[in-house]
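S.K.: Quick one: structure below, then a few questions.
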Amino acid sequence: MCTVVVQSQPFLLLSNRDEYLERPSAPLDFWPTPSPILAGRDLRAGGAWLGFGAQRRWAVLTNIPGPVPAHAPSRGGLVQDFLLGHLDPLKLDRHRYAGFNLLLGCGSHMTYLSSQDPPRTLSPGLYALGNDFLDRPSPRVLRALELVRSTQTATPAQWLDLFQDPAIWIDLPGYGTRCTTLALAHADLQVFERTRGQSEIRQRHWPNW
């Protein structure tokens, strides 16, 4: 279960990543790739769930429960490939993958696709996504949208605190919210992330993103 809210103008992204607590991952940072990527990293299957690339590219992925096709590639590779400029959503064989939602941005353009839905361009606005398709928001996703809409100004810490709301934050045996990420952008990109069980906020700055 993951929760994402994205606003196109001015750019704001607030996300909870929910995952098995034992699944290894690396925190938000710049990757040593030929083209820069700023993202966390899944150390088991590779790829990322959320990240930022050159030319104001960004991508965020949520999983959709259901059957997994035989020999399905890692869904996290979709995020990585888009950020590197190697993924054309129109040419993607979506049905090879286990269920997913994917929000993609490049400059002022935003695209949504899923394992069942072909790519479609989204009008500027505010969108929320969980572990069902974009047009089927759960109560958790609606609560996240409500919180972001009702918040006019806030510090990074206050934004991150929003998604500790008990309707959004997940805390189950062996499974739960692993981190909360906030991204804000005008000319520069500022990304803030707080990991489960830690008070420190990790911050990364991308000038002239």
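The values are calculated or read from the model by the stated rules, or taken from the named source; none is laboratory data. Source: prediction; values computed, not measured. So basically every Cβ, Gly included, is an ideal-geometry build from the backbone, and we count neighbours across all protein chains shown.
S.K.: Could you grab the pairs with beta carbons closer than 7 Å, sequence gap of 6+ or different chains, first residue in the stretch 19-37 and aromatic (Phe, Trp, Tyr), second one exposed (fewer than 15 other Cβ atoms within 10 Å of the Cβ) and assigned to a loop (DSSP other than H, G, I, E, B)?
M.R.: The qualifying pairs are TYR20/GLY174.
S.K.: Taking the condition of being surrounded by fewer than 18 Cβ atoms within 10 Å (Cβ to Cβ), polar (S, T, N, Q) and closer than 13 Å to TRP31 by Cα, how many residues in the stretch 42-94 meet it?
M.R.: 0
S.K.: Separate question: Contact list please: Cβ distance under 9 Å, first residue in the stretch 133-155 and among the hydroxyl-bearing types (Ser, Thr, Tyr), second residue modelled with pLDDT of 95 or more and part of a helix (DSSP H, G or I), pairs at least six apart or on different chains.
M.R.: Every condition considered, the pairs that remain are THR151/GLN158; THR151/TRP159; THR151/LEU162.
S.K.: For the stretch 155-209, how many residues meet the condition of being part of a strand (DSSP E or B) and among the β-branched types (Val, Ile, Thr)?
M.R.: Here the count works out to 6.
S.K.: Okay, next question. Test THR3 against the stated conditions and say whether it is within 17 Å of LEU129 (Cα to Cα), of a type in the set (Val, Ile, Thr), crowded, with 21+ Cβ neighbours inside 10 Å and at pLDDT 95 or above.
M.R.: yes
S.K.: May I ask you to list pairs of residues, at least six apart or on different chains, whose Cβ atoms are under 8 Å apart, with the first in the stretch 186-202 being farther than 14 Å from LEU28 by Cα and the second being part of a strand (DSSP E or B)?
M.R.: Going by the 8 Å Cβ cut-off, the qualifying pairs are HIS186/PHE11; ASP188/HIS205; ASP188/TRP206.
Conditions (1) in contact with a His (Cβ under 9 Å, 6 or more places away or on another chain); (2) under 15 Å from ARG23 (Cβ atoms); (3) crowded, with 19+ Cβ neighbours inside 10 Å, marked per residue:
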| position | (1), (2), (3) |
| --- | --- |
| ILE170 | no, yes, no |
| PRO173 | no, yes, no |
| LEU184 | no, no, no |
| ASP188 | yes, no, no |
| VAL191 | yes, no, yes |
| ARG194 | no, no, yes |
| ARG204 | no, no, no |
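S.K.: Scan the stretch 197-209 and tell me whether some residue there is in contact with a Lys or Arg (Cβ under 7 Å, 6 or more places away or on another chain) and aromatic (Phe, Trp, Tyr).
M.R.: The answer is yes; a qualifying residue exists.
S.K.: Looking at the stretch 150-185 only, could you name the residues that are among the hydroxyl-bearing types (Ser, Thr, Tyr) and within 13 Å of LEU28 (Cβ to Cβ)?
M.R.: THR180, THR181
S.K.: Determine which single condition THR153 fails, assuming it passes every other condition in (1) within 15 Å of VAL5 (Cα to Cα); (2) at pLDDT below 95.
M.R.: (1)
S.K.: Mind checking whether some residue in the stretch 96-114 is farther than 18 Å from LEU13 by Cα, at pLDDT below 95 and not charged (D, E, K, R)?
M.R.: no
S.K.: For ARG17, indicate whether it is of a type in the set (Lys, Arg), on the phi < 0 side of the Ramachandran plot and not in a strand (DSSP E or B).
M.R.: Against the criterion (of a type in the set (Lys, Arg), on the phi < 0 side of the Ramachandran plot and not in a strand (DSSP E or B)), ARG17 does not qualify.
S.K.: Could you look through the stretch 35-59, keep only residues that are under 12 Å from the mean Cα position of the chain (by Cα) and part of a loop (DSSP other than H, G, I, E, B), and pick out the one that is farthest from CYS2 (Cα to Cα)?
M.R.: It comes out as ALA48.
S.K.: To continue, here is another question. Would you be able to tell me the number of residues in the stretch 24-34 that are more than 17 Å from the chain's Cα centre (by Cα) and either among the hydrophobic types (A, V, I, L, M, F, W, C) or under 17 Å from ARG194 (Cα atoms) (or both)?
M.R.: 1
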